[in-house]
Amino acid sequence: MGRVILHCDANSFYASCELVYRPALRGQPMAVCGSTEERHGIVLAATREAKKWGVKTAMVNWEAKLVCPDLITIPPDYGRYIYFSRRLRDIYEQYTDRVEPFGLDECWLDFSDETTTLTDGVLLAKTLRNRVKEELGLTLSIGVSFNKPYAKLGSDLKKPDATTLISPGNYRNVVWPLPVDSLIGVGERMRRKLAARYVLTIGDLAAQSPRAMHAWMGKMGVILQRYAAGEDSTPVMRTVDEPEVKSIGNSITAPQDMYTIHDAYCVMYVLADSVGARLREAGMRGKCISVSVRDVDMRCYGAQKSVEYFTAQAEEIVPIAMRILNMKGFDTLLPYRSLGLSVGSLELNTKPMQMDLLGDAARRDRLARLHEAVDSIHTRFGERAIERGLALANPLYNTIIPRVEHVVHPVGFLR
Amino acid sequence: MKERFAEKIYIGVLAVTQPDGSIVPLRLIWPDGRNWEIDRVLDVRPGVARKAGGEGVRYLCRISGHERELWYAHGQWFVEGGEVKE
């Protein structure tokens, strides 16, 4: 039998979660908006009624109010959405262990085996939709197909609360006439690039030869052509209960090579602040510190070290990272072109912490609380609102954007 | 179709927790103190309270000959009250 893959998309996810708790708002134009008090909040999700008025995701709040004056706005409650997302996955996992989440509201499910057909997939989709409606009060749109990109596409075609089948028999009629940017992986930039060569529909893209695509845009081109042609065979990742992220890291090519170990120290702080902030944001901490160095001849070296305690704070990460540099003789490789830092062996920071007998627990606790405060200042007033004194001491430091802006979005689909 | 709403009423429940972790409600205690014995639990499954809002574990129970729904969610019990007219 061929593959049977479902892509389940919870419709207007944030807004629908809120409606479960506020039935009085059902049937009214409502939107979940970020930071409503501030002027730059944006629409994160809108109900169907709001969408009818022209309210769109990512619209600025006042813009949304302009197109729909009666719009009711609600601040987001991420805890609630994570809870619903977890409950959705619990339901999916009762049917298959091959569940791959894509953001909070989307999942691929793989039902392929010797006997399951696409028709069975459609029936399963109906069962899932009914259960989710009964148990969670949410509606799903589900795409059923023989590969992941088509399943994803299918879930976008009919909304809400619908199933779309894309089979080997109908994909040429259903998928190929669609504009090429309906395909996962094709964004606005790629659409324009393709349009320049009159590749306008998914069918156009499918008709390209892989070799020409490779010559044109490299590996990415070949992947997209396979997506379009329905030949993608990437597996649906099995669910694992461990944290999905194995490590969090960053690397920087400094605007100017690092000539001294002190330069490296400064850049290391930039990295550690960024990595630390991302760890804390993910609610995690780690105990394996890895450092990588690239010298001016583009040679790459790396080493790692495990410490006894878990950490997410730059002040604790940097000394270890610097010790690695010294111990491994990386200081002889100066000048460096780029530096990388990552923290692995992660655990959730809600776990109870093993206090060491001689370690300075009070100091560490103070440090953690300090970072909490600094993080919240950064979130509210921007990255430049509060900086390390080190930023003033070394101009090299100051030209680098400390924390790479990471908007919350689904994990990259293309690896 | 006109949507129907109901008041969400949080109630007290006397219940027993089984060794397997499942919870069996025995007696329902209204906010004013009146209480009723739950004769039988007819059905237990996750479910939404469509009229009052909220979701959780939905217990379909027989209480003095009537079938009533109870929800257990995030450590609290609630029922749907009478329908509120728009």
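The values are calculated or read from the model by the stated rules, or taken from the named source; none is laboratory data. Quantities reported herein were computed from a predicted structural model and do not represent experimental measurements. Quick reminder, even Gly has a Cβ in these numbers, built from the backbone with ideal geometry, and neighbours come from all protein chains shown.
Please enumerate the residues belonging to segment A:316-336 that are in contact with a Ser or Thr (Cβ under 8 Å, 6 or more places away or on another chain) and surrounded by fewer than 18 Cβ atoms within 10 Å (Cβ to Cβ). Residue satisfying the conditions is A:L334 alone.
Among the residues of segment B:62-78, is any within 30 Å of A:R86 (Cα to Cα), under 13 Å from the mean Cα position of the chain (by Cα) and among the β-branched types (V, I, T)? No, the conditions are met nowhere in segment B:62-78.
Note on segment A:12-35: among residues that are of a type in the set (A, V, I, L, M) and in a helix (DSSP H, G or I), the one that is farthest from the other protein chains (Cβ to nearest Cβ) is A:A15. If the condition is being farther than 14 Å from A:S12 by Cα, aliphatic (A, V, I, L, M) and under 25 Å from the mean Cα position of the chain (by Cα), then segment A:137-180 contributes A:V144, A:A151, A:L153, A:L157, A:V180. When A:P177, A:P160 are screened for being away from chain B (no Cβ under 14 Å), within 22 Å of B:G47 (Cβ to Cβ) and assigned to a loop (DSSP other than H, G, I, E, B), only A:P160 passes. Strands (runs of 3 or more DSSP E) fully within segment A:228-320 that include at least 3 residues being modelled with pLDDT of 90 or more and among the polar types (S, T, N, Q): none found.
Please determine, by comparing only the residues of segment A:101-128 that are among the charged types (D, E, K, R) and either closer than 16 Å to A:V4 by Cβ or part of a strand (DSSP E or B) (or both), which one is nearest to the other protein chains (Cβ to nearest Cβ). Across segment A:101-128, the extreme among qualifying residues is A:K126.
Note on segment A:359-377: residues that are under 14 Å from A:E281 (Cα atoms) and in contact with a helix residue (DSSP H, G or I) (Cβ under 8 Å, 6 or more places away or on another chain) total 3.
Count, please, the residues in segment A:36-45 that happen to be touching a Cys at 6+ places or on another chain (Cβ under 8 Å) and either at the interface with chain B (Cβ under 10 Å from one of its Cβ atoms) or at pLDDT 85 or above (or both). Even if it seems obvious, please write down each step before you answer.
To start, the set of residues in segment A:36-45 that are touching a Cys at 6+ places or on another chain (Cβ under 8 Å) comprises A:41-44.
Subsequent filtering for residues that are either at the interface with chain B (Cβ under 10 Å from one of its Cβ atoms) or at pLDDT 85 or above (or both) retains A:43-44.
Adding up the residues that qualify gives 2.
Here A:Q94 meets the list (1) over 17 Å from A:S12 (Cβ atoms); (2) crowded, with 19+ Cβ neighbours inside 10 Å almost entirely, failing just condition (2).
Can you find a residue in segment A:36-48 that is loosely packed, with under 14 Cβ neighbours inside 10 Å, closer than 19 Å to A:D156 by Cβ and in the same structural domain as A:A151 (by TED's automatic domain parsing)? Give the derivation first.
Initial filter on segment A:36-48 (loosely packed, with under 14 Cβ neighbours inside 10 Å): A:37-40.
If we keep only those that are closer than 19 Å to A:D156 by Cβ as well, we get none.
Within segment A:36-48, not a single residue is loosely packed, with under 14 Cβ neighbours inside 10 Å, closer than 19 Å to A:D156 by Cβ and in the same structural domain as A:A151 (by TED's automatic domain parsing).
Checked against (1) surrounded by 15 or more Cβ atoms within 10 Å (Cβ to Cβ); (2) assigned to a loop (DSSP other than H, G, I, E, B); (3) on the phi < 0 side of the Ramachandran plot, B:C61 passes all but a single condition, namely (2). Mind listing whichever residues of segment A:270-308 are among the basic types (K, R) and over 13 Å from A:F330 (Cβ atoms)? Within segment A:270-308, A:R278, A:R280, A:R285, A:K287 meet the criteria. Go over the candidates B:R40, B:R45 one by one and state the one that is free of Cβ contacts under 8 Å to residues at least 40 places away in the same chain and either within 14 Å of chain A (Cβ to nearest Cβ) or within 15 Å of B:Y72 (Cα to Cα) (or both). Result: B:R45 is the single residue among B:R40, B:R45 that is free of Cβ contacts under 8 Å to residues at least 40 places away in the same chain and either within 14 Å of chain A (Cβ to nearest Cβ) or within 15 Å of B:Y72 (Cα to Cα) (or both). Here A:S376 fits the description: modelled with pLDDT of 85 or more, of a type in the set (G, A, S) and under 30 Å from A:A58 (Cβ atoms). Answer with yes or no whether A:T139 is more than 14 Å from chain B (Cβ to nearest Cβ), surrounded by fewer than 24 Cβ atoms within 10 Å (Cβ to Cβ) and within 23 Å of A:V20 (Cβ to Cβ). No: the conditions fail for A:T139. Here the strands (runs of 3 or more DSSP E) wholly within segment B:1-45 that include at least 1 residues being of a type in the set (D, E) are B:5-17, B:35-37. Among the residues of segment A:55-80, which ones are out of contact with any strand residue (DSSP E or B) (no Cβ under 9 Å at 6 or more places or on another chain) and either under 23 Å from A:G137 (Cβ atoms) or in contact (Cβ under 8 Å) with a residue 24 or more places away in the chain (or both)? Residues satisfying the conditions are A:D70, A:Y78, A:G79, A:R80.
I'd like to check something: does segment A:57-67 contain any residue that is β-branched (V, I, T), assigned to a helix (DSSP H, G or I) and under 30 Å from A:K148 (Cα atoms)? The answer is no; no qualifying residue exists.
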